[in-house]
């Protein structure tokens with residue numbers, strides 16, 4: 001299982017490559033998400049990592065195909081390295097909220 005991430009510049013391509021290399025060991029954590037009732041991004045109530053999957057045959061450039069990960073494109077997605085005691089992955093920040101795609105160490 002290869003979990004290495006090139007931290008020089010993390011991009012959407014890096015995120016997709018990381019997901020494809022680790023598709024059997026992917027976890028997603030939603031720290032915040034857009035709430036239409038208040039018209040802004042709000043903290044999520046459940047901030048635990050949960051197992052996630054990749055949709056087969058998902059072809060759109062900004063559609064990652066990764067359940068729980070949302071991107072908006074046009075340079076409005078920000079990607080950073082994420083690591084803690086148990087997980088290593090990529091944090092995605094945009095107008096949809098903050099999510100983390102990771103694998104268990």
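Odds and ends about this structure:
- Residue 98 vs. criteria in contact with a strand residue (DSSP E or B) (Cβ under 9 Å, 6 or more places away or on another chain) and either part of a loop (DSSP other than H, G, I, E, B) or surrounded by 14 or more Cβ atoms within 10 Å (Cβ to Cβ) (or both): yes
- When the criteria are applied in full, residue 93 meets the requirement of being assigned to a strand (DSSP E or B), without any contact (Cβ under 8 Å) to a residue 24 or more places away in the chain, out of contact with any helix residue (DSSP H, G or I) (no Cβ under 7 Å at 6 or more places or on another chain) and surrounded by 11 or more Cβ atoms within 10 Å (Cβ to Cβ).
- Looking only at the stretch 50-66, and only at residues there that are at pLDDT 85 or above and surrounded by 14 or more Cβ atoms within 10 Å (Cβ to Cβ), the one that is nearest to residue 104 (Cα to Cα): 52
The values are calculated or read from the model by the stated rules, or taken from the named source; none is laboratory data. Computed from a predicted structure; not experimentally measured. Using ideal geometry, Cβ is built from the backbone for each residue, glycine included, and neighbour counts are taken over all protein chains shown.
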